[in-house]
Amino acid sequence: MLLGIISDTHMPGMALKLPDNLLRDMDKVDYILHAGDWNTLEVYEQLSQLAPVDGVAGNTDGIEIVSKFGYQKVLEFENRKIGIVHGHGMRGATEDTALHTFKDEEVDCIIFGHSHIPLMRSVNGVLLLNPGSPTDKRRQPRYSYAMLEITEQLEAKHVFFESKI
């Protein structure tokens, strides 16, 4: 099973449309997960035309998005539990906030956003995955999102690109 992992689209403030290469890749996945800061349900509607979509709300999302998705959840794909949270709320590193959110859950992977900094590392056997942002790279050299393949293992990779057009 192949999952497309997105966060921090901040639409339409940071881009009027989702990048073409993101849309091409999301059209190939089995499921899309968004780790918050959508800013408009139009992002959900557009992605839903490509694959089933779920996710969480972020700190800049309005009540409509918060009501639809909530701030955190655990989903199961192919017997793997994936925690999703935006990562805002606590002081300190965003990845620490994400880890703390699921400290009492047995998850295989934690997907989070908020920092716009792509990250992929394992902590005590749990894959931490921040896809970065496909529309707002902040101080990062490139825009990004991630792909997560679930087989016997969890195999993640970032997709980096120069232009959000």
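All of the numbers you see were taken from the coordinates with simple rules; none came from a lab. Bear in mind that the values here come from a model prediction, so they are computed numbers and not experimental data. No Cβ is skipped: glycine too gets one built from the backbone with ideal geometry, and neighbour counts run over all protein chains shown.
Restricting to Cα pairs below 8 Å that are 6+ residues apart, what does the relative contact order work out to for region 1-92? Please round to a whole percent. Mind dumping the intermediate values first?
On the way: 163 pairs, mean separation 23.0, N = 92.
RCO, region 1-92: 25 percent.
Between ALA93 and LYS81, the modelled labels are 2.3 nm apart [label points 7 Å from Cα along Cα→Cβ]. Within a straight-line Cα-Cα reach of under 15 Å, LYS164 can be paired with the following aspartates and glutamates, leaving aside sequence neighbours fewer than 8 residues apart in one chain: ASP8, ASP20, ASP25, ASP136.
Where in region 20-105 are there trypsin sites (Lys or Arg not before Pro) that are in a DSSP coil and have at most 10 other Cβ atoms within 10 angstrom of their Cβ? Mind dumping the intermediate values first?
Details: sites: ARG24, LYS28, LYS68, LYS73, ARG80, LYS81, ARG91, LYS103; in loops: LYS28, ARG91, LYS103.
Hits after loop and neighbour filter: ARG91, LYS103.
Which distance in Å, rounded to a whole number, links the C-alpha centroids of region 98-138 and region 4-26? A separation of 18 Å, based on Cα centres.
Excluding same-chain pairs closer than 8 in sequence, count the lysine pairs in region 2-161 whose Cα atoms lie under 19 Å apart.
Details: LYS17/LYS28; LYS17/LYS137; LYS28/LYS157; LYS73/LYS81; LYS73/LYS103; LYS81/LYS103; LYS81/LYS157; LYS137/LYS157.
For region 2-161, qualifying lysine pairs total 8.
Each Cα pair under 8 Å and six or more residues apart adds its sequence gap; the mean of these over the residue count of the chain is a relative contact order of 24 percent.
For LEU128, the residues 5 or more places off, or on other chains, whose built amide H falls under 5 Å of its own are ILE110, ARG121, SER122, VAL123.
When the chain is treated as a GNM with alpha-carbon contacts under 10 Å, the residue of ASN130, ASN39, ASN79 showing the greatest mean-square fluctuation is ASN79.
Fewest neighbouring Cβ atoms within 10 Å first, the residues LEU99, LEU119 line up as LEU119, LEU99. May I ask what percent, to the nearest 5, of DSSP beta bridges between residues of region 2-161 are antiparallel? Antiparallel: roughly 65 percent of the beta bridges in region 2-161.
Gain in length, GLN140 to MET120, computed as 0.36 nm per residue apart minus the alpha-carbon separation, to one decimal in nm? Show your work: numbers first, answer last.
Numbers: separation 20, 0.36 × 20 = 7.20 nm, distance 1.50 nm.
Residue separation times 0.36 nm, minus the Cα-Cα distance, leaves 5.7 nm.
When you restrict to C-alpha pairs under 8 Å that are six or more residues apart and normalise by the size of region 96-158, the relative contact order lands at 23 percent. Among the listed values [x] 29, 20, 16; [y] 23, 18, 16; [z] 21, 18, 16, the one matching semi-axes √(5λ) of the Cα gyration tensor in Å as calculated from this structure is [z].
With 0.36 nm allotted per residue and the present C-alpha distance subtracted, the SER48-ASP30 stretch has 5.4 nm of extension available.
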